[in-house]
Structure formats: structure tokens, C-alpha cells
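Heads up, the thing below is written out as C-alpha cells.
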Amino acid sequence: MWPRTFADRLESWSNLRRQCLVLEPELALQTINAWWFDTPWTPYHLHWDERNSWPDPWQLLDDNIYCGLARGLGIMYTIVLLDRADMQDAEMIEMGSDNLVLFDQGKYILNWDRDQIVNINLSSKKTQHCISQQQIKIEIK
């Protein structure tokens with residue numbers, strides 16, 4: 001169940017990150033993906049064209065409004081703040097109406113399905129927007 005208050009969401013997110021620090025990368029990614037899929041969904045909250053006004057991780061949790069892009073951004077923020085040496089190549093892309101988080105050069109795809117981090121062939125689809133883990137790291141520090 002998704003935490004009701006900002007303080008509870010912040011504590012739950014902190015526990016998620018602490019837990020994921022010691023998990024194998026694939027299991028950490030599955031855990032992060034599933035946690036963000038518990039968010040209450042709202043269509044069309046954030047937009048790629050307004051990237052300069054996207055909320056930081058704490059504001060995202062405080063706002064508590066999660067469209068597919070906001071959920072993907074939350075996944076990216078979680079990976080960035082883990083700052084694990086073995087988890088440094090995530091990127092979020094927009095493909096059609098999906099905002100996917102790719103990891104390990106697309107081996108894992110998050111923000112597609114709650115219960116699995118899928119490996120699908122995206123080479124035939126056109127990426128509309130993209131932001132790397134390193135770009136997000138610079139923006140939130």
C-alpha cells in the first residue's frame with residue numbers, strides 16, 4: 001500500500017534505497033520498479049518539454065502525483081541516489097506514449113510492467129526524448 005503522508009513516503013523510499021544497496025543489480029532493479037508501480041497513477045502530470053521544471057526527488061514524493069513520466073523519473077532518481085558502482089548506465093527514454101528506464105544498455109527495461117523488468121527489442125522504435133543517469137545526477141546535486 002502506498003504511504004499516505006509525505007513523511008511516510010520519504011521513510012519508505014529511504015528504506016527502499018537502503019534495501020537495494022545490498023541486493024544484486026537485477027533484484028535491486030526489480031524491487032525499485034515494483035515500488036514505483038505502487039504509486040497512485042494520474043495521466044499527463046509531467047511533460048518532456050518542461051524538463052527544466054521537473055520536481056527534484058523530494059518534491060516528487062511531496063507532490064504525490066505520478067504519471068508514467070513521473071514514475072520513470074522516480075525510478076531514475078532512486079537509481080541515481082543509490083550511486084552504486086555497478087549501476088551507472090541507466091537512461092530514461094520516451095518512445096511513443098511510454099517513458100521507459102533502460103539499464104545495462106537496454107538489457108533491462110523498467111517502467112513497462114510492474115512485475116518484471118523486461119528485455120524487449122526497441123531498435124525498431126524511434127526515441128523522442130532521452131535523459132541519462134549522469135545528466136540527472138548533475139541536476140539534483
List, in order, the whole-Hz ³J(HN,Hα) value for each residue of the stretch 15-22 obtained from phi through the Karplus relation with A = 6.51, B = -1.76, C = 1.60 and θ = phi - 60°; use x for Gly and Pro.
5, 4, 5, 4, 4, 6, 5, 9
What value, in deg cm²/dmol to 500, does the helix sum -39500 (n - 2.57) over DSSP H runs of n ≥ 4 give at 222 nm once divided by the residues of the chain?
-12500 deg cm²/dmol
For the stretch 54-99 and the stretch 31-51, what is the separation of their C-alpha centers, rounded to whole Å?
8 Å
Hey, what D do you get for the stretch 39-141 in µm²/s if you plug the Kirkwood alpha-carbon radius into Stokes-Einstein at 25 °C and 0.890 mPa s?
177 µm²/s
How do Leu82, Leu29, Leu60, Leu10 rank when sorted from fewest to most other Cβ atoms within 10 Å of their own Cβ?
Leu10, Leu82, Leu60, Leu29
Relative contact order computed over the stretch 6-140 (Cα-Cα under 8 Å; 6+ residues apart), in percent:
23 percent
Fewest to most Cβ atoms within 10 Å: Lys137, Lys107, Lys126 sort as Lys126, Lys107, Lys137
Can you sort Glu50, Glu11 from fewest to most other Cβ atoms within 10 Å of each residue's own Cβ?
Glu50, Glu11
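Every number here is computed from the coordinates shown, using simple stated rules; none is lab data. Just so it is clear, the model here is predicted, and its values are computed rather than measured. A quick note on method: Cβ atoms are made from the backbone with ideal geometry, for glycine too, and the neighbour counts reach across all protein chains shown.
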